[in-house]
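A quick write-up on the structure given underneath.
Nothing in this text is a laboratory measurement; each read-out follows from the coordinates by a stated rule. Everything quoted here is computed from the prediction, not taken from an experiment. Cβ atoms come from the backbone with ideal geometry, glycine included; neighbour counts cover every protein chain shown.
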Amino acid sequence: MQSDHDFHPLTVLAVVDETADTRSFVLDVPPALADTFAYAAGQFVTVRVAVDGAEVVRCYSMSSSPDVGDPFTTTVKRVPGGVMSNWMLDTLTVGDAIDVLRPAGLFVLHDADVPVVAFAGGSGITPIFAILKTALATTTREVVLVDANRDADSVIFAEALARLEREHPGRLTVHRHLDAESGFLDVATLRGFVGDRTDAHFYVCGPTPYMDLVEEMLAGIGIRPGQLFIERFVTPGDVPAITESSHTDQVVLILAGKTTTVDYKVGDTLLDTARRAGLAPPFSCELGSCATCMAQLDEGSATLRINNALTPDEVDAGVVLTCQAIPTSRRVVVNYDA
């Protein structure tokens, strides 16, 4: 019996060249998997492929919006040295199948009768493009997009965004910034795009320096955390190491009806601990995104290095992503069977 944490092979129906180094892949979701692959605009999927005989797992946002009838589409930009992105752009074609996990992620449109102001940088436009389409189709909210790119040839979805502007005059405003023509953005310029929309919801996705600058600007004008929604693209090398000392002595692991007690090793995640004990717990992306590795804390506490999959209510209820969870209590009981 398959679960929502299983990978499913999806066939590529179409490949669309967005720019010289970015392609969109339209995937066929068969009727039997319609519920599994139901999603909200802005979410992502975890993809698994074999490259040169080695398994590679990465997460990619959907650029499609289910609210406007888009086919299920993920958009991938080539990353220098990127094993998965290079393989997908160089190899993946119509008729091929790739293994995909159910959609996940918390970077979605939140209900409120306030403007939507989005800051996208480079491929960060991918989930934001989906969110904007949903906002325009399902609400009457004003939508403002700041789309920053290296140069004109790097702009993803340029024609589609221009078309949306024409279709929604007075509601959608797109500010295009090209570093090659205007230099890098600064706080003052970014602040000007916000104007008097300090009650807005703000969506931010792009390269880390760009996102940090946007966050600095928003903090400077008093934007509250509840107004700000951020999506950070991470790779395995980006996950921060945990170096602080831990007071945890013991981790108890409940998996497949068996209970295993392990001495804790400082710096290990709960997933590391389970594997060190010789167990085979579920996991996939190890980036805090796919939720394959989630478990329930029956006792004790832990902190998450990265969480792109669990809702605040789930975290409050003691659910953890074991690949990101560092124990913070003397004893922790981790229940994979809950």
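The charge dipole of the chain, taken about its Cα centre with unit charges on the Cβ atoms of Lys, Arg (+1), Asp and Glu (-1) only, comes to about 240 debye. The gain in end-to-end length when the VAL56 to HIS175 segment is fully stretched comes to 39.2 nm, 0.36 nm per residue minus the alpha carbon separation. Per residue, the average separation of C-alpha pairs within less than 8 Å and at least 6 apart gives the stretch 116-231 a relative contact order of 33 percent.
Within the chain, antiparallel bridges make up roughly 60 percent of the DSSP beta bridges whose residues both belong there. The residues SER301, SER289, SER154, when put in order of fewest to most other Cβ atoms within 10 Å, stand as SER301, SER154, SER289. From most to least packed by mean Cβ count within 10 Å, the peptides 260-269, 42-51 give 42-51, 260-269. Straight-line cross-link partners of LYS77 among the lysines, defined as a Cα under 26 Å from its Cα and at least 8 positions apart when in the same chain: LYS133. Tally Lys/Arg at +1 and Asp/Glu at -1 over every other residue whose Cβ is under 10 Å from the Cβ of GLU142; what's the total? Cβ neighbours under 10 Å give a net charge of +3.
The aspartates and glutamates within cross-link reach of LYS258, meaning a Cα-to-Cα straight distance under 17 Å and a gap of 8 or more places when in the same chain, are ASP298, GLU299, ASP337.
Comparing the stretch 87-184 with the 2.2 N^0.38 Å rule of thumb, its C-alpha radius of gyration ratio is 1.25 (two decimals).
Pairs of Cα atoms nearer than 8 Å and 6+ residues apart set the relative contact order; for the chain it is 15 percent.
Local charge for ALA274 was computed over the other residues whose Cβ lies under 15 Å away, with Lys and Arg +1 and Asp and Glu -1, and equals -2.
Calculated from the structure at hand, Rg and Dmax of the Cα atoms in Å is found among (i) 19.1, 58; (ii) 18.2, 54; (iii) 21.0, 62 as (iii). For LYS265, the aspartates and glutamates whose Cα comes closer than 14 Å to its Cα, not counting residues fewer than 8 places off in the same chain, are GLU244, ASP249.
Farthest toward the positive end of the dipole of the stretch 111-250, out of TYR210, ILE131, PHE229, is the Cα of ILE131, where the dipole comes from beta carbon charges about the Cα centre. Considering helices alone, the calculated mean residue ellipticity of the chain at 222 nm is -6000 deg cm²/dmol, with DSSP H runs of length four and up weighted by -39500 (n - 2.57) and normalised per residue.
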